[in-house]
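**Q** I'd like to ask you about the structure that follows.
The values are calculated or read from the model by the stated rules, or taken from the named source; none is laboratory data. This is a predicted model, so every value here is computed, not measured. Note that each Cβ is placed from the backbone with ideal geometry, even for glycine, and that neighbours are counted across all protein chains shown.
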Ligand SMILES: [Zn+2]
């Protein structure tokens, strides 16, 4: 395994263990991937992803699966001698194809994001931090069975405009320019989902207007999301 890839694989394991320790996803659910930079001329998109059905505690860098998609032939492959990638690799591929700014993805069945997704709700702009996902809402992708093209297509549509989406009756997917930021966004969205759930107990939440959210989005772009979070 090339040095760069081994480094990414180690980061994936570190983040998987963190996700588990923080209780962000139950059992073997959830998965994490990172885009492998492509320096050659061939039209391929490659990413490293956690394998299917293996406890996060037992993962070694060699267990992280390199998935390669050939954009010309439309074929996707991995080393058949090694472990199989997460059964949800297809929506990771779709998110990378849809959004070139996304280099890392975290998928969880975290409690509150999943609760909202199971109520078939998107997260509306009840708090300015909703803009951390790239827009005025955190969208909901319609239900389709895991591993299906229909689910991947829904994710692709969401990731054209957002860095996070809920998947109805399933869970949460977040993407960012690196793994640390993707994990941070997962925690932000999970907290927003928890707050939204709590607000729903009080009645219909009050929402920020389009103009107010546009101002937040503009400010995030100017000052950076990190600063917005720390200072406000
Ligand atoms: Zn899942």
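**Q** Condition first: free of Cβ contacts under 8 Å to residues at least 60 places away in the same chain, more than 13 Å from residue 194 (Cα to Cα) and under 15 Å from the mean Cα position of the chain (by Cα). Now tell me which residues in the stretch 110-133 satisfy that.
**A** 133, the sole residue that qualifies.
**Q** Is the stretch 45-55 home to any residue that is under 16 Å from the mean Cα position of the chain (by Cα) and either within 16 Å of the ligand (Cβ to nearest atom) or over 24 Å from residue 97 (Cα atoms) (or both)?
**A** Checked the stretch 45-55: at least one residue is under 16 Å from the mean Cα position of the chain (by Cα) and either within 16 Å of the ligand (Cβ to nearest atom) or over 24 Å from residue 97 (Cα atoms) (or both).
**Q** I'd like the residue in the stretch 50-63 that is under 15 Å from residue 28 (Cβ atoms) and in a loop (DSSP other than H, G, I, E, B) and, out of all such residues, is modelled with the highest pLDDT.
**A** 50
**Q** Which residues, taken from the stretch 32-43, are buried (at least 18 other Cβ atoms within 10 Å of the Cβ) and away from the ligand (no atom under 16 Å from the Cβ)?
**A** Answer for the stretch 32-43, where residues must be buried (at least 18 other Cβ atoms within 10 Å of the Cβ) and away from the ligand (no atom under 16 Å from the Cβ): 34, 35, 36.
**Q** Can I ask one more? So, residue 144, is that one surrounded by fewer than 22 Cβ atoms within 10 Å (Cβ to Cβ), in contact with a strand residue (DSSP E or B) (Cβ under 9 Å, 6 or more places away or on another chain), over 17 Å from residue 193 (Cβ atoms) and free of Cβ contacts under 8 Å to residues at least 24 places away in the same chain or not?
**A** Here the answer is yes, as residue 144 does meet what is asked.
**Q** So which residues in the stretch 154-169 are surrounded by fewer than 16 Cβ atoms within 10 Å (Cβ to Cβ) and away from the ligand (no atom under 15 Å from the Cβ)?
**A** So the first thing to find is which residues in the stretch 154-169 are surrounded by fewer than 16 Cβ atoms within 10 Å (Cβ to Cβ), and the list is 160-161, 169.
Matches in the stretch 154-169: 160, 161.
**Q** Moving to a separate point now. Within the stretch 170-226, take every residue that is surrounded by 19 or more Cβ atoms within 10 Å (Cβ to Cβ) and at pLDDT below 95 and give me the one that is farthest from residue 25 (Cα to Cα).
**A** Ranking the qualifying residues of the stretch 170-226, first place goes to 220.
**Q** Right, next: Kindly indicate the residue of the stretch 8-31 that is closer than 17 Å to residue 115 by Cα and surrounded by 21 or more Cβ atoms within 10 Å (Cβ to Cβ) and also farthest from the ligand (Cβ to nearest atom) among those meeting that condition.
**A** The residue in question is 24.
**Q** For the stretch 175-186, does any single residue satisfy the condition of being farther than 23 Å from residue 220 by Cα and touching a residue at least 60 places away in the same chain (Cβ under 8 Å)?
**A** The answer is no; no qualifying residue exists.
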